[in-house]
Amino acid sequence: MLKKIFKFSIPLYILFLFIINVSAYEFVDPKNESEVNDKISEIYDAKEQYEDLAGHKEEEEVEIKTGTSTSYWWPIGSVDTVENGGKVYATGDPEAISITSDYGSRVDPITGIASTHSGVDISGGRGLGKVNVIAAKDGIVVYPTKNVSNNCVSGGSTSCGSGYGNYVIIQHSNGTYTLYGHLYENSITVKAGDQVEQGQVIGKMGSSGYSTGAHLHFEVRVGNNSTSSTENPLNYISADNPREVSTNGGQLWEFLNSWEGGDSTKVGDSYRVLDIGDGERTVGHGVTLRWNSEKFQKYGIDVTKYGVGSTIPIDIVDNVERDIIEGLRSKLTKGLVENSITLEENQIEAVISWMYNKGTTTFSDSNFYGNYKKYGNTEQFRDNWFFYGMDYNSQFTTGWTRRRNAEWSLFHEGVYVFNR
Ligand SMILES: [Zn+2]
């Protein structure tokens, strides 16, 4: 009962804080478009954060886009991670890429006797308990089961976990299995039955079980989950192909709309006009009627005649959205040229998403160009990305921080994280 009250009352309390916060922008000059845009941004954010905190969006699925690739990723991820839908992804450049022991015949590192090695050993990075081990491919975890404690100690008993120490086995839909051995004690974050996504962090590199130092023992089993069914993992993975990275862009529409929502407001061939607070009307994927009246006019729509609950044809709303995006793209492209900055297409898409969400006024105020010139595509620049006083390490996983994280992932790594 206490738990129930807590769950219910916290979001209301936070909504109250947001209302106070929004109200602080009371003296808005209606003729000043930038001031009003800021106000609208506040309302959008407050609404989005409230909905998330109130749990209205908990059922949403999150998809990591893997493009057309069905290949296996290098099983070590980047230092940087992206949290999404309760799962942590490390999809950037892998921290460790050295193979210290090949598959097949080798001299046993402990006994010195010739033996067969059932996988490859990968080492490097920051050592015990720090390097992110990721799922090489989507799949279902088959090990560890619930009753396995994962407390084999690095440098402890060599027979712990049958020599594998703490380990994970994932079954993939193509009939293969991947095994990740010698993981750091209590670092495993998945269990049998879990659906894991390619690039998802499943544990940390350790040295538990039959191991002489920090490394990942990685196996590929083909056909069945048996030690006698291993194949050379290097036929499947490569350090040069750690993850799907698109620098071509071209998925902005899908990316943007996954974060803006609006598809649920479809009524036949139209979108329903919504009230997002303060009488502000929006339609489709977050298109505000008032500020886009001229764009709608171009397609024969007089927005003053479309009240909350009325409908506007999808093709018209989509055309207006495209026009908005193209406007943002022109503004950004001009700014990049003026500042002698070259961005990849995926980075341009990330910035457009940000501008679409926050408004172009806020965008220029944040001194994007100056900070980019100062910090480039680095973690320091990430702070600029998360301007606006939002603590991205906040334990609250709001829609807002999730969106900024997804944009940052797109900007920094070229990985599209969709919100569904
Ligand atoms: Zn090994």
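Here are the numbers for the structure shown:
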| quantity | calculated |
| --- | --- |
| Sequence of 293, 353, 330, 123 once ranked by neighbouring C-beta atoms within 10 Å, starting from the fewest | 330, 293, 123, 353 |
| Net charge of neighbours whose Cβ lies under 10 Å from the Cβ of residue 283, counting Lys and Arg as +1 and Asp and Glu as -1 | +1 |
| For the range 112-154 and the range 158-193, distance of Cα centres in Å | 6 Å |
| Whole-Hz couplings from phi, Karplus 6.51/-1.76/1.60, listed for the range 336-353; x for Gly and Pro | 5, 4, 4, 9, 6, 10, 10, 10, 6, 4, 5, 6, 4, 4, 5, 5, 4, 4 |
| Contour excess over end-to-end distance, with Cα ends at residue 116 and residue 333 and 0.36 nm allotted per residue | 72.5 nm |
| Three-way shape label, the range 247-419, alpha-carbon gyration tensor, a/c 1.5 | prolate |
| Under 12 Å, Cβ to Cβ, from residue 176 - net charge with Lys/Arg +1 and Asp/Glu -1 | -1 |
| Nearest-0.05 FRET efficiency for residue 302 and residue 234, computed from C-beta distance (R0 51 Å) | 0.20 |
| Dipole in debye (nearest 20) - the range 82-235, about Cα centre, beta carbon charges: Lys, Arg +1; Asp, Glu -1 | 260 debye |
| Sum of side-chain charges, residue 200 neighbourhood, beta-carbon under 11 Å (Lys, Arg +1; Asp, Glu -1) | -2 |
| Sorted by Cβ neighbour density within 10 Å, fewest at the top, the residues 373, 204 | 373, 204 |
| Simple label model, 7 Å out from Cα along Cβ direction - residue 162 to residue 146, nm | 2.1 nm |
| Ranking of 117, 182 by count of other Cβ atoms within 10 Å, fewest first | 117, 182 |
| Over 21 Å between alpha carbons, listed pairs 305/331; 266/305; 87/374; 87/191; 334/358 | 305/331; 87/374 |
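None of the figures in this text is laboratory data; all of them are computed from the coordinates on show. In this text, all values refer to a predicted model and were calculated from it rather than measured experimentally. Note: ideal-geometry Cβ built from the backbone for every residue, glycine included; neighbour counts use all protein chains shown.
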